[in-house]
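Notes for the one structure printed next.
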Amino acid sequence: MIYFDNAATTALRETALSAMIPYFREEFANPSGIYLPAGKARRAVEESREKLANLLNAQRDEIIFTSGGSESNNLAIRGFCMMNRSKGSHVITSLTEHPSVINTIKALEREGFSVTWLKPDESGIISVDEFKRAIRPETIFASIMQANNETGVIQNIEELAAAAHEKKVCFHTDAVQSFCHMKIDVKKLGVDMLSSSATENVAGIVGMATAAAEAIENLTASTAKVYALRERLIDKVLGALDNAYLNGDREKRTAGNVNFSFDGVQGESVIIRLSAKGICGSTGSACTALRQEPSHVLTAMGMPYEKANSSIRLTLSEFNTEDEVDYVAENLIKTVNDLRAIRRY
């Protein structure tokens, strides 16, 4: 096979594969967790964020990870325009953008934004002078891709961005086709937002489909096992601790979910102490575990602030065992009692 479709996707570099493999198996922990293994995953994400920021001459907190180029374009365009709609409702783009840009801007157009669609010349170049003339007092946003996905034509992004900034217009560029094919310095380009991408995640897609098919095929047996483990954990903890609560209906819940609250302790302190014993849990949803605030779900259920702040979430799978449940229960009970004793002291 001679592969000549590298604008769509490329072969995976051996160095990239080697770097990725540990995070499929040993280092798979949730990077938003506050237990010890999560720290390794989080460091890997942040080190990667720093590396990409350095490559682009950007700040590390300016790097936002998404599922790919289309989502990045959508987030940049729609996110900015909807947030700043009160400042103006005119957008500038070109007729040769990627469909993810064109369709997003067409959606804005249907929602009341006015759009100037710039036409390139015969060589595929967007005129900087025409771009300048298209800017109006109500223009808030412009998006012109750096390199075209079909023709490879490179636009004068520095000049276009400078012209936008003269009129205080936010400038975005789709750099999916130029990223890693040419040197990109966001400060030199002068862009406010830039979208890039690696490859379509075929391996991830195949893995998801395979894992899902196996999970569904074994659903009855695995659910029964996980349910039994859950009930064992709940019975042991609630049977040993006073003023301990299972949050949410006991039966109408997913088989592996256990959400406890304990009077007199903070959930975060419980999770940190369990982590020292090799037990990984969380104080809420995976995406909010690093925020020190009570669960909005529990407060919406009418739970007082202090009780919601004492909650922890332990979720089991078919890969867990009765011995693990017993170990977790034993250490959780001891942890809560120890923390309560410290507080009383």
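Among the residues making up the stretch 235-268, a single one is surrounded by fewer than 20 Cβ atoms within 10 Å (Cβ to Cβ), under 16 Å from Ile279 (Cβ atoms) and more than 27 Å from the chain's Cα centre (by Cα): Lys236. In summary, Asp129 fulfils each of the numbered conditions (1) open to solvent by 30 Å² or more (accessible area, probe 1.4 Å); (2) modelled with pLDDT under 95 with the single exception of condition (2). Can we say Val270 is under 24 Å from Tyr345 (Cα atoms) and not in a loop (DSSP other than H, G, I, E, B)? Considered against the rule, which asks whether it is under 24 Å from Tyr345 (Cα atoms) and not in a loop (DSSP other than H, G, I, E, B), Val270 comes out as yes.
Of the residues in the stretch 188-196, at least one is in a helix (DSSP H, G or I), of a type in the set (A, V, I, L, M) and open to solvent by less than 80 Å² (accessible area, probe 1.4 Å). Inclusion of Thr199 among residues that are part of a loop (DSSP other than H, G, I, E, B) and touching a residue at least 12 places away in the same chain (Cβ under 8 Å) is warranted. Sub-7 Å Cβ pairs linking a first residue in the stretch 307-322 that is within 11 Å of Gly264 (Cα to Cα) and part of a loop (DSSP other than H, G, I, E, B) to a second residue that is modelled with pLDDT of 90 or more and open to solvent by 40 Å² or more (accessible area, probe 1.4 Å), at least 6 apart or interchain, are Ser310/Asp263; Ser310/Gln266, ordered by first then second residue. Restricting the stretch 202-246 to residues that are in contact with a helix residue (DSSP H, G or I) (Cβ under 8 Å, 6 or more places away or on another chain) and in a helix (DSSP H, G or I) leaves a set whose member that is farthest from Gly267 (Cα to Cα) is Ala215.
What number of residues within the stretch 136-156 satisfy the criterion of being within 18 Å of Ile105 (Cβ to Cβ) and open to solvent by less than 30 Å² (accessible area, probe 1.4 Å)? So the count comes out to 10. Cβ-Cβ contacts under 7 Å between residues 6 or more apart (or on different chains), taken from a first residue in the stretch 111-133 that is under 13 Å from Val91 (Cα atoms) and touching a residue at least 12 places away in the same chain (Cβ under 8 Å) to a second residue that is open to solvent by 50 Å² or more (accessible area, probe 1.4 Å) and of a type in the set (Asp, Glu), are listed as Val115/Glu109; Leu118/Glu130.
Note on the stretch 116-133: residues that are in a helix (DSSP H, G or I) and of a type outside the set (Phe, Trp, Tyr) amount to 5. Scanning the stretch 13-52 for residues that are in a loop (DSSP other than H, G, I, E, B) and open to solvent by 100 Å² or more (accessible area, probe 1.4 Å), we see that the one that is farthest from Leu274 (Cα to Cα) is Arg13.
The values are calculated or read from the model by the stated rules, or taken from the named source; none is laboratory data. These figures come from a predicted structure and were not determined experimentally. Methodologically, a virtual Cβ is constructed for each residue, glycine included, from the backbone with ideal geometry; neighbour enumeration extends over all protein chains shown. Note: areas computed on protein heavy atoms with side chains; ligands, DNA, RNA excluded. Shrake-Rupley method; radii C 1.70, N 1.55, O 1.52, S 1.80 Å.
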